Amino acid sequence: MGDYLIAVIMGIVEGLTEFVPVSSTGHMILTADLLGFKGDVAKTFEVVVQLGAVLAVLVLYWKRYMGILKDLVRFDFKQKNKLNAIHMLIAMLPAGILGIALYRFIKDYLFGPGPVLVGLIVGGVLMIVAEKAKRKITSETSDEITYKQALGIGLFQCLALWPGFSRSGSTMAGGLL
């Protein structure tokens, strides 16, 4: 199969999966495996195409990010009911620590089609369980999230270190549970 066709197929998979609560990385790994797209070129392509998705989020929500950045520069974290950089840091910290600690294991054992399929299934089951849990809603918007809730969501995001386990799905499940 030609490189351009592979790039188009991989781009379509990324586009269809990036903004829904399924693992775009997991789907890219499975698609690349099915297409026989392997090696350094494949890894570089996956990083670059996902960078485009990240940049799209930054462009879409640039005003929100600029507000958070301004608050960070001014050290203004006292406004009640306002998402700020500390919320984000607290939420990112658990996955950052665990990711560094388990980097070699994740890279060596979880980036294959088998573990990705299991991650997709387990992630889907977790989302169903979270939806059925019917817990009391304490925050209607992201601006109402407490630092404690941000930590809980961050702990759930650790599940997304497993390729195939959706980052947004684990975030939503963590928020619901």
- Item | segment 39-60, residues that are acidic (Asp, Glu) and in contact (Cβ under 8 Å) with a residue 24 or more places away in the chain | 46
- Task: Just name the residue that is most open to solvent (accessible area, probe 1.4 Å) out of those in segment 137-151 that are within 18 Å of residue 61 (Cβ to Cβ) and touching a His at 6+ places or on another chain (Cβ under 7 Å).
- Result: 145
- Message: Taking the conditions exactly as written (on the phi > 0 side of the Ramachandran plot and either open to solvent by 60 Å² or more (accessible area, probe 1.4 Å) or not basic (Lys, Arg) (or both)), does residue 134 satisfy them or not?
- Response: yes
- Query: Tally time: how many residues in segment 134-172 are in a helix (DSSP H, G or I) and either at pLDDT below 90 or within 27 Å of residue 67 (Cβ to Cβ) (or both)?
  - Reply: 21
- Note on the structure: Scanning segment 86-111 for residues that are under 27 Å from residue 38 (Cβ atoms) and exposed (fewer than 14 other Cβ atoms within 10 Å of the Cβ) gives 100, 103, 104, 105, 107, 108, 109
- In segment 64-85, the residues that are open to solvent by less than 80 Å² (accessible area, probe 1.4 Å) and either at pLDDT 85 or above or of a type in the set (Val, Ile, Thr) (or both): 68
- Determine whether segment 154-173 contains at least one residue that is free of Cβ contacts under 8 Å to residues at least 40 places away in the same chain and surrounded by fewer than 16 Cβ atoms within 10 Å (Cβ to Cβ). no
- Task: Sort through 48, 59 and tell me the only one that's under 30 Å from residue 143 (Cα atoms), β-branched (Val, Ile, Thr), under 23 Å from the mean Cα position of the chain (by Cα) and open to solvent by 60 Å² or more (accessible area, probe 1.4 Å).
- Result: 59
- Out of the residues in segment 1-45 that are of a type in the set (Asp, Glu) and surrounded by 19 or more Cβ atoms within 10 Å (Cβ to Cβ), state the one that is farthest from the chain's Cα centre (by Cα). 14
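The values are calculated or read from the model by the stated rules, or taken from the named source; none is laboratory data. None of the values given here were measured: they were computed from a predicted structure. Glycine gets a Cβ as well: all are built from the backbone with ideal geometry, and neighbour counts include every protein chain shown. Just so you know, the surface numbers come from the protein's heavy atoms only, side chains and all, with ligands and any DNA or RNA stripped out. Shrake-Rupley method; radii C 1.70, N 1.55, O 1.52, S 1.80 Å.
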